[in-house]
1. Here are the criteria: (1) in contact (Cβ under 8 Å) with a residue 40 or more places away in the chain; (2) in contact with a Lys or Arg (Cβ under 7 Å, 6 or more places away or on another chain). Tell me which single one residue 150 does not satisfy.
2. Would you please name the residue that is modelled with the highest pLDDT, looking only at residues in region 56-67 that are in contact with a helix residue (DSSP H, G or I) (Cβ under 7 Å, 6 or more places away or on another chain) and open to solvent by 40 Å² or more (accessible area, probe 1.4 Å)?
3. For the subset of region 1-55 comprising residues that are modelled with pLDDT under 80 and among the acidic types (Asp, Glu), which member is least open to solvent (accessible area, probe 1.4 Å)?
4. Please go through region 119-140 and give me each residue that is of a type outside the set (Lys, Arg), open to solvent by 30 Å² or more (accessible area, probe 1.4 Å) and either outside any helix (DSSP H, G or I) or at pLDDT 80 or above (or both), ordered by number.
5. Which of the residues spanning region 87-110 are hydrophobic (A, V, I, L, M, F, W, C) and open to solvent by 60 Å² or more (accessible area, probe 1.4 Å)?
6. Residue 82 - would you say it is of a type outside the set (Phe, Trp, Tyr), modelled with pLDDT under 90 and within 24 Å of residue 177 (Cβ to Cβ)?
Amino acid sequence: MTQRPERPERADALRNREAVLAAADALFAASSSPHSVSMDDIAAAAGVGKGTLFRRFGDRAGLIGAVIASRLEPVRQAVREAHDAAASSPRQRVRDLLDASLLFKIENRNLMSAAEDAGLSSPYQAEHYGWWHEILRAALDQVPGVQAADFTAHALLAAIRADLVAYLIDDQKMTPEALRSSLAAHIDNVLGNSSDPLGTRQEA
């Protein structure tokens, strides 16, 4: 039986999807309590029926996951471009990757908190976590002296879990600059004093 080609998304459906993602993104960013942002709120802000949200995204968790993916895409593109340029050393790439991930979590901590509240699966099962881990592991594989790159990638990513970032920024009043500096120091502690002949330390 010949498989029918997948039909392109209708223009109105695509517009609705973009409107929903933009509305959800704005509401989560503006709310001091992202857990209180409801599907009704998002539907009203997007100018669509609540049923459209459920048909398109399944549930609140699915919608939040789609918003995260949308917000993360420019970061992924920037990381891919930097990787293709290959201008920095592997050690510096590790720093840059973790700094990019930390900045994303700082800027989107309300959204990431909402994702946890919505009952999304373990963060280690999330697609975006797998992507960060794989690209970080590949960079660690190239750093002289690093052992167990796979585990080391997990351990470094654990230092910037979204809930920890939100706690340090919102509860402990740590500035983003101080957090980035502390992360850079932690990376150096983990990687030790292995040689870095192709690059030098760049301050955040």
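The values are calculated or read from the model by the stated rules, or taken from the named source; none is laboratory data. For clarity, every value in this text was computed on a predicted model and none was experimentally measured. Cβ: placed from backbone, ideal geometry, glycine included. Neighbour counts: every protein chain shown. Keep in mind that these areas ignore ligands, DNA and RNA; they rest on the heavy atoms of the full protein, side chains included. Shrake-Rupley method; radii C 1.70, N 1.55, O 1.52, S 1.80 Å.
1. Against the list (1) in contact (Cβ under 8 Å) with a residue 40 or more places away in the chain; (2) in contact with a Lys or Arg (Cβ under 7 Å, 6 or more places away or on another chain), residue 150 comes up short only on (1).
2. Step by step, filter region 56-67, then rank; the result is 56.
3. Only one residue tops the list, namely 12.
4. Matches in region 119-140: 119, 120, 121, 122, 128, 130, 131, 134, 135, 138.
5. 87
6. Working: of a type outside the set (Phe, Trp, Tyr): yes; modelled with pLDDT under 90: yes; within 24 Å of residue 177 (Cβ to Cβ): yes.
Criteria met by residue 82.
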